[in-house]
Amino acid sequence: MSERVEWSELPESLLPTIGESLDTRIENLRFRSVCTSWRSSTPPFDSISPRRFPLDLSIPFPFPSIDFADDYYYDCLTLFKRKCTLRQSILYRLQRLHPSPSDKAWLIEVEGRKLCLFDPLSKHRQRYELPNNFNLLDFQHLELTRAYSLKMHPDLYDFGFAHKVVMYPNSPSIKLNDFHVFVIHEFDFGQYRLLRHAKCGDENWTTVGEGTQDFDDVIVYEGRFYVVDQSGIVYRINVSSLELQLLYPRIPDGELGTMKYLVESGGALYVVDKYDKGRVRFNVYKLNEEPDGSFVWDLMESLGDRAFILGHDCSLSVSAGEFFGYEGNCIYFTHHNQAHVFKLEDDSIANLDI
């Protein structure tokens, strides 16, 4: 067992099986770059997967069932069938194979047919295309998370848009009609946020909950869907019945913020409560299990080395010591289209140039 075996000498019969299990462009490129036999065993990424993003769901996105002040605008809107396109991007930890002690990793977001870099906080998603001489074999990469968004046609932003989108599962072995998409549907200039669900092949979106609840964020945590409402209650979603199961208590009573985010960090679930009446600030709560098996939300005084990034398509946690440009015990977010960093240590805020 101690004998060293070259990867390029794997049995050729295994190569197509391995190639079929690679579900990202970067994995496919790295695999095909090993040697001639590996490259010939697996075709380019664009020609092998039965599911390619962006994916046309062909499900008209619903208009809110509220009264419009102007019947003319309502009549015009009902003429449109707002089809949806599901887009995916992947966030990676990218670092040189042989970094110096001072070299840190980069947090990058990749989407589309070309390898392009995105800033996770950029609402306008400005692209930075990688140079032609960029060689992925010179870097080690680790997938951190996947982010999703819905593009609606036509794009009538003022009358409602997808505030947050999650999809699960996402694997080449999963058939198209077996994955679930949940969307926080925001409309009427952010006054209402409903939770909607669909699967590929559905004719319509289904409203989850009572249809009157305002939801702030939805996340996939430990392979299940969770959603938080504006009052700070976290529910688990039963994907079979689309029922909301209240498993965890409300975050501590008192003044609640105007927007809540769900973040997974170190295997634990957090709620980040944003207050933007006057000066922007945040409270962070961690879900902890008591000795008797009950759960409590503990207010965090410090995040340690972790930095929370509240992006437009997803929220995540990273180790600031590993990544370039991030500082521990901080929350990175956007407010009025400007990127900021909030420091929990002293509740201070600074602007970011991105």
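The values are calculated or read from the model by the stated rules, or taken from the named source; none is laboratory data. This is a predicted model, so every value here is computed, not measured. Here Cβ is always computed from backbone atoms with ideal geometry, including for glycine, and neighbour counts include all displayed protein chains.
Points worth noting:
- The single condition among (1) modelled with pLDDT of 80 or more; (2) surrounded by fewer than 16 Cβ atoms within 10 Å (Cβ to Cβ) that Ser47 does not satisfy is (1).
- When Gly254 is tested against the conditions (1) crowded, with 21+ Cβ neighbours inside 10 Å; (2) at positive phi, the lone failure is (1).
- Of the residues screened, Asn283 is one that is in the same structural domain as Glu186 (by TED's automatic domain parsing), over 30 Å from Gln95 (Cβ atoms), touching a residue at least 12 places away in the same chain (Cβ under 8 Å) and of a type outside the set (Ser, Thr, Tyr).
- Taking the conditions (1) part of a loop (DSSP other than H, G, I, E, B); (2) farther than 16 Å from Phe215 by Cα in turn, Arg250 satisfies each one other than (2).
- Residue match in region 311-333 (condition: assigned by TED's automatic domain parsing to the domain that holds His163, over 22 Å from Tyr92 (Cα atoms), surrounded by fewer than 20 Cβ atoms within 10 Å (Cβ to Cβ) and modelled with pLDDT under 90): no
- Residue match in region 192-211 (condition: at pLDDT below 70, in the same structural domain as His98 (by TED's automatic domain parsing) and under 21 Å from His312 (Cβ atoms)): no
- Top-ranked residue of region 88-112 - restricted to ones that are among the small types (Gly, Ala, Ser) and more than 23 Å from Ser171 (Cα to Cα), ranked as surrounded by the fewest Cβ atoms within 10 Å (Cβ to Cβ): Ser102
- Filtering Gly304, Gly293 for residues that are out of contact with any Asp or Glu (no Cβ under 7 Å at 6 or more places or on another chain), at pLDDT 95 or above and either assigned to a loop (DSSP other than H, G, I, E, B) or surrounded by fewer than 17 Cβ atoms within 10 Å (Cβ to Cβ) (or both) leaves a single hit, Gly304.
- Residue list for region 23-47, filter: in contact (Cβ under 8 Å) with a residue 40 or more places away in the chain and either among the hydroxyl-bearing types (Ser, Thr, Tyr) or outside any helix (DSSP H, G or I) (or both): Asp23, Thr24, Ser33
- Every listed requirement among (1) hydroxyl-bearing (Ser, Thr, Tyr); (2) modelled with pLDDT of 80 or more; (3) closer than 24 Å to Ala162 by Cβ is met by Ser122 save one, (2).
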